[in-house]
1. Counting other C-beta atoms within 10 Å, and keeping those with at most 13, which DSSP coil trypsin sites (Lys or Arg not before Pro) do you find in segment 48-106?
2. Tell me which lysines have Cα within less than 16 Å of Lys100's Cα, excluding those fewer than 8 residues away on the same chain?
3. Build a GNM of the chain with springs between Cα atoms under 10 Å: which of Ala241, Ala29, Ala216 gets the top mean-square fluctuation?
4. I need the shape label for segment 24-103. Rule: rounded when a/c is under 1.5, else prolate if a/b > b/c, else oblate, with a, b, c from the alpha carbon gyration tensor.
5. Tell me the per residue accessible area of the chain using a 1.4 Å probe; a whole number in Å² is fine.
6. Zone of His31 (label point 7 Å along Cα→Cβ, backbone N under 20 Å): which residues in segment 57-83?
7. Looking only at segment 102-117, which residues have a backbone nitrogen under 15 Å from a spot 7 Å from the Cα of Asn149 in the C-beta direction?
8. As a check on your grasp of the helix formula, calculate [θ] at 222 nm for the chain: sum -39500 (n - 2.57) over DSSP H runs of n ≥ 4, divide by the residue count, round to the nearest 500.
Amino acid sequence: MAIKIITDSGSDLPQEYVEKFDISIIKLAVHFENEKAHEDMDTETFYAKMRESKELPTTASPSPMQFLEKFKEVEEGTDILVISMSSNISSTYQTAMIAKEMYEDEGHTNKIEVIDSKTFSGGLSLVVAMAAKWSESCSCIVELKDKVNHYIKGVSAFFTLDTLENVMKGGRLSRISGTVASVMNIKLLLKISEEGTVEVMGKTRGIQKAITSLLARLEEKQHDYEKAVIAIVHSNCEKRALEVKNRILEKHPFKEVLFSNMGPIMGTYAGEGGIGLAF
């Protein structure tokens, strides 16, 4: 049974995986003040525009119709697995569920399953990539869904940001706390919780200490390097991210690395200079 994988643009999935496994990406909208950004805006243009903008861009979840139209494009006889970013930071999961009901009400025969990944960016990238690989050997969509849900429970995702300006503007950190932290050059170590929310795990002074603290999290988990995959995401700081990648592989020879730049959705909240790991 053929299975089509669909995710959203909060996944920051590397383009090579999108193409290799024919994964469809539902794009969330990004607005600069009253102007809607083109959905195919590249990351370089996005970060340049965000740098120049006085106001933080805003994001909006896709409509049920976006999902429904994508479902209808899938040929008959191919089931559909949707893997969305955490329902605790976006309504994308709920939107996909509405679209699933609409699709079924119209009498289409392809089965649809929707998974709330409880993660985003590198974490979601990792989950989607593994699901795409398994889709080629799973006997049915229920088997794949069960396997993905089990995998999600074991995914760890951490990140650190170079600037707190965006999370302050976005209301995810009080301006007073953020201003004090910025003045003192304090960087936060953040974790995606089991519920799919962002938790502060620690504080360091300076980005290099923050990265060292980030890498230390790899020691908390045993890795089967013959099979293990790690996702590394960055918000427009490729040189820094490549240095992190090299440091990781010197000590942790992961079989595969998913490496990508955060797109407009995650980049809006991370700001430039952020690094994230998921494993």
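1. Lys54
2. The reachable lysines, counting only those whose Cα sits under 16 Å from Lys100, are Lys4, Lys70, Lys72, Lys111, Lys145.
3. Fluctuation is largest for Ala216.
4. Prolate is the answer for segment 24-103, as a/c is 1.5 or above and a/b outweighs b/c.
5. Value for the chain: 48 Å² per residue.
6. Of the residues in segment 57-83, 57-67 have backbone N under 20 Å from the label point off His31.
7. Within reach of a label on Asn149: 112-117.
8. So the helix-based figure for the chain works out to -12000 deg cm²/dmol.
The values are calculated or read from the model by the stated rules, or taken from the named source; none is laboratory data. Keep in mind the model is a prediction, meaning the values are calculated, not measured. A quick note on method: Cβ atoms are made from the backbone with ideal geometry, for glycine too, and the neighbour counts reach across all protein chains shown. To get the accessible areas, we keep the full protein, side chains included, count just its heavy atoms, and leave off ligands, DNA and RNA. Shrake-Rupley method; radii C 1.70, N 1.55, O 1.52, S 1.80 Å.
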